[in-house]
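Peer 1: The structure that follows is given in the form of structure tokens.
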Amino acid sequence: MKELTKMSALEIGRMIKAKEITVLDAVKAQLEVIKERDPEYRCFITVLEEEAYAQAAEVQKRIDAGELEDSPLAGVPMAVKDNICTKGIRTTCASKILYNFEPVYDATVIEKLKRAGAVIIGKTNMDEFAMGSTTETSHFGETKNPWDISCVPGGSSGGSAAAVAAEEIFYALGSDTGGSIRQPAGYCGVAGMKPTYGTVSRYGLIAYASSLDQIGTFGRNISDCAAALEIISGHDAKDSTSVNAEGFQYTKSLVDDVKGLRIGIPKDYLGTGLEEDVKESILKAAEVFRSKGAIVEEFELHSVDYAVPSYYVIACAEASSNLSRFDGVKYGYRSAKAEGLQEVYKNTRSEGFGNEVKRRMMIGAFVLSSGYYDAFYNKALKVRAIINEGFQRAFEKYDIILGPTAPQTAPALGESLSDPLKMYLSDIYTVSVNLAGLPAVSIPCGRDSRGLPIGMQLIGRHFGENEIIRAAYSFEQSEQYERPAAIAAESKEGKSSVLQEGIGHESI
Amino acid sequence: MKITEDTVKYVAALAKLTVSEEEQQKVAEDLDRILDYIETMNGLDTDGVEPMSHVLPMKNVFREDIVTNRDEREQLLRNAPKQKDGSFAVPKTVE
Amino acid sequence: MKAYETVIGLEVHVELATKSKIFCGCTTQFGGDPNTHVCPVCSGMPGTLPVLNKQVVEFAMAAGLALNCSITQKCKFDRKNYFYPDLPKAYQISQLYLPICRDGGIEIETEAGKKTVRIHEIHMEEDAGKLVHDPWEDCTLVDYNRCGVPLIEIVSEPDMRSAEEVIAYLEKLRLILQYLGVSDCKMQEGSLRADINLSVREVGVPEFGTRTEMKNMNSFKAIGRAIEGERKRQIELLEDGGKVIQETRRWDDNKDTSFAMRSKEDAQDYRYFPEPDLPPIEISDEWLQAVRAHQPELRDEKMLRYEKEFGIPEYDALIITGSKQLADLFEKTVALCQKPKEVSNWLMVETMRLLKEQEMDPEEITFTPAQLAGLIKLVDGNKINRTVAKEVFEKVFKENVDPEAYVEKHGLGLVSDDGVLRSAIRQVIENNPQSVRDYMGGKSRAMGFLVGQAMKEMKGKADPGMVNQIVKEMLDAM
Ligand SMILES: [Mg+2]
Ligand SMILES: [Zn+2]
């Protein structure tokens, strides 16, 4: 049964449709692996065993009735980051303040997944309120990187990334505000995709920074990411920032062809701070594209250094407002030792939030406070405009921007917590994408000297998902998917990769 | 930029957080360092630049004036730490 | 004592007459059991997002146009951040940087003469919930039914100098908004609430004094008393060598004094910033033109039309148009019975008398245009006489009776049956031979007596014209 969990999501979907296996087989296999491995990796906050079996039976019925013909991932077990609301199922944002919170409605993405016959098997671990780059700030304990359990999986969607890497799930949803999908995808050696702002409804995503947040997908390859994104994207009348477009078609771009594709590499992304191994891998990847007929050039993107400060001002400001509703009145934790309203507020929030969240709320309150708004918040919005403009200019010349996902590979557990500023700086290549609302994907492109995966980021123009999917797919055809040693060791076939079989676009 | 302990008290009050006396100095130093870094933004000339709060040029997203919701009080109160008579209950607010 | 001048500016919150709330599909209906007009969006559940009700924008534009404002064609929402249990998101979606209307004003008239009160701005925002003290447990209960009801906040310049001016301004404002149909402006239900910013200064001093703010005043009477009370308090303070502190005060109408609301524990710093969940609003010239074209007739126009079209005296037109309710009642009744002067008379005389007697506002009238039109038709068709009509109207006014059914049931109709009248008159003539003789002898006055007797016999329910005619006819035939 364990062999099943090595398959790609699309392959499992195909096998279910072909009646080679049942939905229940897939669910059982997946739960078995979770039970075995999750005590070590802690990818999940909540595992939904009973619900998953119930869903499996229901989805099987729908499949047998021929209802889900156009749904390639019907019946495939998947997982959802724990900041996405699931009706009646605890949704914690990995925070004590929501330790017992059960939403009264499903997020739009959950509704869409259910319609497509997804079997939601659990809620994944994350940095508290998605504020972090390591998944160490979770109230429920840190997630470990399946490649090396002394390392972090990245964050904030570290639970989803690690679960996909550890084969505890076929595909998963994450959210990306400043790199929270792409960076852990990079650290865990899986594919992670953040679509253009407005492509996926944010209704039901517990907001961190509203103007930056986007839900996206993780898979062990770009095909799974694209197929999952196809399910969850599209206009939603409940989200005013959702773009009014229907039927995004991503899987049609799973084509091995980059001839004539113009790829730009910002020189500014290869400078100081970038680890040598990472740089080498990126340049090697550029060569792969070149050899396949793409036009690859280096260029100056400018203003790169201003992205992180601008990002932190905007994200913290919005967060300080978004997280004010957690006050012990309507839901979640309320301090037991509170007399009077002010103490309910202060004690609840002081006891309920972790340090990083508190720090960002205070930064946010500061940059918006009277006397500082113009110098900080408004300034950051102007910097944002300039960064966006820089990208627009670049996309006049290039179809895709290529670079590293992060300046380094996964750091050791505990290393980042002591120095928040250093952690913020590790987001240097990812945050500007959110500031400009662009789509981007991180896919594995080699390993460093310690054997840890290196992530490559492909950035597209607004609604340019199809180009980056095509490039990522082409790249994957030349680079075999690697699994963490601990996971691979359990495979009878040793290094042979079941995952690589049958994922060409014919099978979709 | 110099974040004082008074500033820490002020922003903590705005955010409804308590920072203990012992933590105050450490928090002040942390924030100071972060804000110092943030101020490197000033190296970029933004004169005449329009601040960008929305990344896509969207506008005029409306709904029609139609009542669509029903009473779902029981559901909405389900997560309340304290409720009474169909209402959320908090310590008294009147002076 | 020195001579002081009072300087007053108002912030008026008006709940808009939309069917649904500003950012969700919950009803705006007043009342309802606590938290039954609430959904995940307006109760601030995590993950929910606002979607703007288009009608709110159009109502705000209509109000702005009627109050002579310029419309901000590129406007947007901002968040105002503060913690309070009636505000479930801990921020109010409001407008700070680009409010929808700016730089307007209206003319008011008091005994001191005419003047313009300038309007600084009008912005759109969401209402907060309601807090109720629970005395049994000494806690506060939070009801979000009102939370998310759309508001416009109309901010005046500090142009008013007395309670009379304030009330004139508010009355004018209320009338305009009611005529527009953007709000019912029911103060008792909180759909019009005023915050009063008041300061005093010595006459001749150019600078304003320090002001205080009194929040959520919800009756004209209380506003009048609050202004008087706060004015006195500030003057006494200054006369005693004290200083006015800028603060929010609560007016206690029972104790006839204001007191400082316990200053919030923390400084007020609302940390406004552009609402990221709502894209900006761009009002095109065409849209603005369409709203302008749909503006209903306001009071001044209506008054002129009543005089011209219906021949109603100026004074009557003034009174009737002084209330949207009365004007609506007037027009609908006229449409049913085509008797504008009659309708106007009933409103001006009997309606006003009963309103005064019952201490009611025109807004509280419950009878329908159909009822009044029915009554007028009864009089017009000689079905009842005027005395009876007044009696029936009182029943219509107080108990909403159907006039036809009421007249029928109580036998109040005029007797117009020729046979019945003739037999009654024959009886009167037989019983009064002297009067008949007098008439025959040329004393025409005697006929009047006979008619009176006949009316008496009919207990007043006879058509006097008809009685007159029959008496004359019978006498002449003798
Ligand atoms: Mg306001
Ligand atoms: Zn609602």
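The values are calculated or read from the model by the stated rules, or taken from the named source; none is laboratory data. Keep in mind that what you see is a predicted model, and the values were worked out from it rather than measured. Methodologically, a virtual Cβ is constructed for each residue, glycine included, from the backbone with ideal geometry; neighbour enumeration extends over all protein chains shown.
Peer 1: Could you please find all residues in region C:52-76 being at the interface with chain B (Cβ under 9 Å from one of its Cβ atoms) and buried (at least 21 other Cβ atoms within 10 Å of the Cβ)?
Peer 2: Once the filter is applied, which keeps residues that are at the interface with chain B (Cβ under 9 Å from one of its Cβ atoms) and buried (at least 21 other Cβ atoms within 10 Å of the Cβ), region C:52-76 yields C:52, C:53, C:55, C:56, C:57, C:76.
Peer 1: Could you check, for region A:320-342, whether at least one of its residues is in a helix (DSSP H, G or I), surrounded by 23 or more Cβ atoms within 10 Å (Cβ to Cβ) and more than 9 Å from chain C (Cβ to nearest Cβ)?
Peer 2: no
Peer 1: May I ask you to list the residues in region A:72-113 that are more than 14 Å from chain B (Cβ to nearest Cβ) and free of Cβ contacts under 8 Å to residues at least 40 places away in the same chain?
Peer 2: A:111
Peer 1: Turning to a different aspect of this structure: For region C:387-405, enumerate the residues that are more than 30 Å from the chain's Cα centre (by Cα) and free of Cβ contacts under 8 Å to residues at least 24 places away in the same chain.
Peer 2: Selection gives C:405 alone.
Peer 1: Out of the residues in region C:1-23 that are under 19 Å from residue B:71 (Cα atoms) and out of contact with any Ser or Thr (no Cβ under 8 Å at 6 or more places or on another chain), which is surrounded by the most Cβ atoms within 10 Å (Cβ to Cβ)?
Peer 2: Once the filter is applied, the top-ranked residue is C:22.
Peer 1: Kindly list, by first and then second residue, each pair from a residue in region A:129-155 that is surrounded by 24 or more Cβ atoms within 10 Å (Cβ to Cβ) to a residue that is in a strand (DSSP E or B) and small (Gly, Ala, Ser), limited to pairs with Cβ atoms under 7 Å and residues at least 6 apart or on different chains.
Peer 2: Once the first residue is surrounded by 24 or more Cβ atoms within 10 Å (Cβ to Cβ) and sits in region A:129-155, its partners that are in a strand (DSSP E or B) and small (Gly, Ala, Ser) give A:130/A:175.
Peer 1: Hey, does region A:420-432 have a residue that's buried (at least 19 other Cβ atoms within 10 Å of the Cβ), of a type in the set (A, V, I, L, M), more than 9 Å from every other protein chain (Cβ to nearest Cβ) and within 30 Å of residue C:78 (Cα to Cα)?
Peer 2: Yes.
Peer 1: Consider residue C:35 against the criteria (1) surrounded by fewer than 24 Cβ atoms within 10 Å (Cβ to Cβ); (2) of a type outside the set (Lys, Arg); (3) within 16 Å of ligand 2 (Cβ to nearest atom); (4) at positive phi: it satisfies all of them except one. Which criterion is unmet?
Peer 2: Unmet condition: (1).
Peer 1: Please state which one of A:243, A:308, A:258, A:278 is part of a loop (DSSP other than H, G, I, E, B) and within 22 Å of the chain's Cα centre (by Cα).
Peer 2: Of A:243, A:308, A:258, A:278, the one residue that is part of a loop (DSSP other than H, G, I, E, B) and within 22 Å of the chain's Cα centre (by Cα) is A:243.
Peer 1: With the structure loaded, tell me whether residue C:336 is over 23 Å from the mean Cα position of the chain (by Cα) and assigned to a helix (DSSP H, G or I) or whether it fails that test.
Peer 2: yes
Peer 1: Can you tell me how many residues within region B:75-95 are under 24 Å from residue C:19 (Cβ atoms) and more than 7 Å from chain C (Cβ to nearest Cβ)?
Peer 2: 1
Peer 1: Among the residues of region C:134-172, write down those that are within 16 Å of ligand 1 (Cβ to nearest atom) and either farther than 30 Å from residue B:89 by Cβ or crowded, with 22+ Cβ neighbours inside 10 Å (or both).
Peer 2: C:146, C:147, C:148, C:149, C:150, C:151, C:152, C:154, C:155, C:156
Peer 1: Condition first: crowded, with 17+ Cβ neighbours inside 10 Å and under 52 Å from the mean Cα position of the chain (by Cα). Can you find one or more residues in region C:416-424 that meet it?
Peer 2: Yes; the residues of region C:416-424 include at least one that is crowded, with 17+ Cβ neighbours inside 10 Å and under 52 Å from the mean Cα position of the chain (by Cα).
Peer 1: Test residue B:53 against the stated conditions and say whether it is away from ligand 1 (no atom under 16 Å from the Cβ) and within 30 Å of residue C:74 (Cα to Cα).
Peer 2: yes
Peer 1: What are the residues in region C:15-37 that are among the acidic types (Asp, Glu) and at the interface with another protein chain (Cβ under 8 Å from one of its Cβ atoms), if any?
Peer 2: Correct list: C:33 only.
Peer 1: Of all the residues that make up region A:343-371, how many are more than 28 Å from the chain's Cα centre (by Cα) and crowded, with 19+ Cβ neighbours inside 10 Å?
Peer 2: 8
Peer 1: Now, a different point. Here are the criteria: (1) within 30 Å of the chain's Cα centre (by Cα); (2) within 16 Å of ligand 1 (Cβ to nearest atom). Tell me which single one residue C:116 does not satisfy.
Peer 2: The single condition residue C:116 does not satisfy is (2).
Peer 1: Between a residue in region C:89-115 that is under 21 Å from residue C:49 (Cα atoms) and any residue that is part of a loop (DSSP other than H, G, I, E, B) and within 16 Å of ligand 2 (Cβ to nearest atom), which pairs come within a Cβ distance under 6 Å, given they are 6 or more apart or on different chains?
Peer 2: So the pair list comes out as C:89/C:44.
Peer 1: Still on this structure: Scan region B:22-48 residue by residue and report those that are outside any helix (DSSP H, G or I) and at the interface with chain A (Cβ under 7 Å from one of its Cβ atoms).
Peer 2: Hits for region B:22-48 are B:44, B:46.
Each row is one residue, and each column tells you yes or no for (1) out of contact with any helix residue (DSSP H, G or I) (no Cβ under 9 Å at 6 or more places or on another chain); (2) modelled with pLDDT of 95 or more; (3) more than 16 Å from ligand 2 (Cβ to nearest atom); (4) among the hydroxyl-bearing types (Ser, Thr, Tyr).
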residue: C:56; (1), (2), (3), (4): yes, yes, no, no
residue: C:60; (1), (2), (3), (4): yes, yes, yes, no
residue: C:89; (1), (2), (3), (4): no, yes, no, no
residue: C:101; (1), (2), (3), (4): no, yes, yes, no
